[in-house]
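This report refers to the structure that appears directly beneath it.
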Amino acid sequence: MKHYLISFYQPDGPPPPPEFLAPIMREMGIIQDELEAAGSWVFAGGLHPPSTATLLRAKGDDVLITDGPFVEGKEVLGGFTIIKAPDLDVALEWGRRYARIAPGLTVEVRPFQGEVDD
């Protein structure tokens, strides 16, 4: 089975109020439970805001370290899930499930390079 990254992009800015976010998080938990039951869940995590990022860039023999996001954008990576799936169609179906519970967010499904054997 191959591994796939399902990325969740959200608008830059403060998170939505708890009454809006709670049902989405509950539904995400249900999908994760189903992924685990199917033996497809590998790992998932939410990220702190882009302002907490530290960037490193090599320049000659030095590595420059700067705070904050590299590029200001309208959408930022908010979290991700890594799954195992037999093919892209199955991975996309899991991605569709996530997209349906949060219609305002962009969900990206991307395979890792190379085949991954169990």
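The values are calculated or read from the model by the stated rules, or taken from the named source; none is laboratory data. None of the values given here were measured: they were computed from a predicted structure. All Cβ positions, glycine included, derive from the backbone under ideal geometry; neighbour counts span all protein chains shown.
Name the strands (runs of 3 or more DSSP E) wholly within segment 1-105 that hold at least 2 residues that are over 14 Å from the mean Cα position of the chain (by Cα)?
On the way: elements: 2-11, 41-46, 54-59, 62-67, 75-85.
Once the strands (runs of 3 or more DSSP E) in segment 1-105 are filtered for at least 2 residues that are over 14 Å from the mean Cα position of the chain (by Cα), what remains is 54-59, 62-67, 75-85.
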Worksheet item: Here are some residues: Gly104, Gly39. Which one is touching a residue at least 12 places away in the same chain (Cβ under 8 Å) and at positive phi?
Response: Gly39
Worksheet entry | Counted residues, segment 88-118 - those being acidic (Asp, Glu) and modelled with pLDDT under 95 | 3
